[in-house]
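The values are calculated or read from the model by the stated rules, or taken from the named source; none is laboratory data. These numbers were taken from a predicted model, which means no experiment stands behind them. Positions of Cβ are backbone-derived with ideal geometry, glycine not excepted, and every protein chain shown enters the neighbour counts.
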Amino acid sequence: MERQRSFSFKPTRLLLFTFTLFSSIFFLSSFTIWLTKSTTTPSPNTVSVNLQPLTVHSLTTHNFTLQKLPSLIDNRLSRSQNNVSGSKSEAIENNHVGAASSVNSTVMHGNRTKVEVSKSKVLIFKKVEVKKIVKECDLTKGYWVFDESYPIYARDSCPFIDEGFDCEGNGRLDRNFTKWRWQPKDCDLPRFNATKMLEFIRGKRLVFVGDSINRNQWESMLCMLLSAVKDPKRVYEARGRTITKERGNYCFRFLDYQCTVEYYVSHFLVHESKARVGQKRRPTLRIDAIDHGSSRWRGADILVFNTAHWWSHHKTKAGIYYYQEGTLVHPRLNVSTAFSKAMMTWASWVDKHINSKKTQVFFRSSAPSHFRGGNWNSGGHCTEATYPLNETLNTMYPEKNIIIEETVKQMKTPVTWLNITSLSEFRIDGHPSIYGRKTQSSRIQDCSHWCLPGVPDVWNELLFFHLQNRRG
């Protein structure tokens, strides 16, 4: 029979156990007292920053990883700083912030390159820095930041969006494309203030002149301004017209501010004409004569011009018997040469007919297209894009922009160059694609114009920025 094991303690073991227990209790008590005394009381001037979970996008392709983290961090930090300081111009020093988050989604990058956003959990410590709104700042260099406070206006609250730009109304389900704001690297771009803008143009004429991309921006401006009007019925088109792409001239009155926001179509800014070539009359472009509708532009207080979208070989008949000067129809003329001549014609008209003491003149740069796998009339598409590109694909600065810049330098009338090209290059997700009409067709996609709300709202924030600086 097995002997039972004894569970009794011998005196020596009991003494050792008791000593160990009391030593541990004494050590823990002493350490707690020391820790309490050594902890300093926070200064009453210390600023604490509490952050909500931060969205972190880790974009992974087959060969490399692209990080969207800096822009998202800067966005959240800047918002938190606003909450604790009440002003972006107040400095907060010696404060570090920690945040963690995760995200999981899929985007398209480049030409058919699938980019997967993987789940990640990151702890970030970063000193809070404040960017100031400064007059001398390169607004073209920066990045897009996802901001839940955007868009500035709701699509349902604006009746001025025509079918071609009404992506949500035409069935687009994702809304992320409306929630990105542009963040310059060296300063802050002020958020558009519709009330201030309306006060600024009180009793004035704000006129957009150009192609359908300028109509895109003009409709955006109408919607942004309407958001600050108490009674929308006091905003109306002077001749009772409804906005459609078939008509090209509109004048909207804001009764409470006695101002007008107008748009006049002019694809080339110079006169579209006809001339006899051989036995036939052919469409021509008078690159030596301003558009015949120019009399409507005169007297405006703010003029925003653009052209470029129609200066392509397809729309200019490849330059064969199309460009005209006087009675001469050029058998063949390079599009760059023709464009340069047309811009000189426009510049001469501005210098002759615009009073710079009354009128501020802007020229908006060309807006990029994002067709993949073909052109607009040969199967080009951008349907798969739901996020901005992490880097621009076009490294060449558009030649037409260079021509316009050089033309402006030679003018006596001050012209502000509204450069939106590079910042818009990232926004492949902002086009209507198949949602430019109520009946979708994958065979015809619009990767040139822009959904509203969307990218043109940022162009108007840039316009607002320049107007504020000029006024200040």
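Just name the residue that is nearest to the chain's Cα centre (by Cα) out of those in the range 401-433 that are hydroxyl-bearing (S, T, Y) and either outside any loop (DSSP other than H, G, I, E, B) or within 24 Å of L222 (Cα to Cα) (or both). Among residues in the range 401-433 that are hydroxyl-bearing (S, T, Y) and either outside any loop (DSSP other than H, G, I, E, B) or within 24 Å of L222 (Cα to Cα) (or both), the one nearest to the chain's Cα centre (by Cα) is S424. Taking the range 142-170 as the range and being outside any loop (DSSP other than H, G, I, E, B), surrounded by 14 or more Cβ atoms within 10 Å (Cβ to Cβ) and not aromatic (F, W, Y) as the test, the residues that pass are G142, V145, R155, E163, G164. Among what's in the range 206-243 and is surrounded by 24 or more Cβ atoms within 10 Å (Cβ to Cβ) and among the small types (G, A, S), pick the residue that is farthest from A154 (Cα to Cα). The selected residue is G210.
Residue-wise test of (1) among the aromatic types (F, W, Y); (2) at pLDDT 95 or above; (3) farther than 21 Å from L206 by Cα; (4) out of contact with any Ser or Thr (no Cβ under 8 Å at 6 or more places or on another chain).
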residue	(1), (2), (3), (4)
L255	no, yes, no, yes
S266	no, yes, no, no
S273	no, yes, yes, no
K280	no, no, yes, yes
L285	no, yes, yes, no
D288	no, yes, yes, no
H309	no, no, yes, no
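Let's see how each residue does on (1) assigned by TED's automatic domain parsing to the domain that holds D288; (2) within 33 Å of the chain's Cα centre (by Cα); (3) of a type in the set (A, V, I, L, M); (4) not in a loop (DSSP other than H, G, I, E, B):
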| position | (1), (2), (3), (4) |
| --- | --- |
| A318 | yes, yes, yes, yes |
| S336 | yes, yes, no, yes |
| S340 | yes, yes, no, yes |
| M343 | yes, yes, yes, yes |
| W349 | yes, yes, no, yes |
| S356 | yes, yes, no, no |
| V361 | yes, yes, yes, yes |
| S369 | yes, yes, no, no |
| S378 | yes, yes, no, no |
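When each of D291, D351, D301 is tested for being acidic (D, E), surrounded by 15 or more Cβ atoms within 10 Å (Cβ to Cβ) and within 30 Å of L139 (Cα to Cα), the lone residue that passes is D301. One residue is enough: does the range 434-445 have a residue meeting the conditions touching an Asp or Glu at 6+ places or on another chain (Cβ under 9 Å) and part of a loop (DSSP other than H, G, I, E, B)? Yes: one or more hits.
The condition of being at pLDDT below 95 and not charged (D, E, K, R) holds for only one of S378, S336, S348, that being S378.
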